[in-house]
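Report on the structure given below.
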Amino acid sequence: MIENLVREQYGRSVDLLERGRLIEGVIIPSERDCIELLREQLTDPQISHIQEKIRRPVFQIVPQKPFQDFENALNLNRQADEREAYLTPYIRERFTKLPSNNEVQIGFVEGMPRLPGTSLVQFPFLEQRRLYKKSLLLGVTVIHPRHYSLLQLNGRLDVGYWSYLEDNLENDAYLPGGYSSDQVYFREYNLEGEIHNARWRSAVMVSAN
């Protein structure tokens, strides 16, 4: 299954990077290299998670570039009736702190355009996060803002809703990304209180360097 997913989606993944001008300065592994890297690095539990838990697995090649490059990619590929991607001032400042380099990650992320709601959305957010992350295996994470940007390039998702993102910067604010009526957006919320319509997407990524 993993090899078939790479073969089916590799060309599309490279095309997204080219359209977003995210390919400059990085070495993009070939389709064969991606398959071999995943064979070597994915654990059996990670493979099982991709096969059994991720709905519509999307293969991604993710350069570890500054987030500004991903924002530019979204804006370059917006439709005529769409506004530019929206980042709150806090998020814009926070995303400038994301570690960046010339490395590339490859792997699979949850790609359903509209994830079905679950009873978890009735829980206060801190409880949602605790329960969801408790269910994740070693080597499985919540999707990163870079992953989410590539998903939005692949086809608009979360229309009228949002998905929770993690940037691993050890901060208590949490980051939803979504799509309003005419733009991709990223913002922050306080962890207190009850939050509804939360969507949780997982990712299984390995290093390609």
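The values are calculated or read from the model by the stated rules, or taken from the named source; none is laboratory data. Being a predicted model, the structure only gives us computed values, none of them experimental. Neighbour counts run over all protein chains shown; Cβ positions are idealised from the backbone, glycine included. Just the protein is used for accessible areas: all its heavy atoms, side chains included, with ligands, DNA and RNA removed. Shrake-Rupley method; radii C 1.70, N 1.55, O 1.52, S 1.80 Å.
Tabulated results
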| read-out | value |
| --- | --- |
| Long-range amide H partners of TYR174 with built H, under 5 Å | TYR189, LEU191 |
| Mean residue ellipticity (222 nm) of the chain, computed from DSSP H runs ≥ 4 via -39,500 (n - 2.57), nearest 500 | -11000 deg cm²/dmol |
| FRET efficiency, ASP44 to LYS134 (Cβ-Cβ, R0 30 Å, nearest 0.05) | 0.90 |
| Within segment 48-69: backbone nitrogen closer than 18 Å to the SER100 label point (7 Å, Cα to C-beta) | 61-69 |
| Charged-residue dipole, Cβ positions (Lys, Arg, Asp, Glu), the chain about Cα centre, Debye nearest 20 | 320 |
| DSSP loop GluC sites (Glu not before Pro) with at most 11 other Cβ within 10 Å: longest gap in the chain | 25-169 |
| ARG156 - accessible surface, heavy atoms, 1.4 Å probe, Å² rounded to 10 | 70 |
| Residue-normalised accessible area of the chain, expressed per residue, 1.4 Å probe, Å² | 50 |
| Hz values of 3J(HN,Hα) by residue in segment 176-184 - Karplus curve (6.51, -1.76, 1.60), Gly and Pro given as x | x, x, x, 9, 7, 5, 8, 6, 6 |
| Residue-level accessible surface for ARG130, protein heavy atoms, 1.4 Å, Å² | 120 |
| With DNA, RNA and ligands ignored, accessible area of ASP81 (1.4 Å probe; Å², nearest 10) | 120 |
| Apportionment of accessible area to carbon and sulfur, the chain, percent (1.4 Å) | 47 |
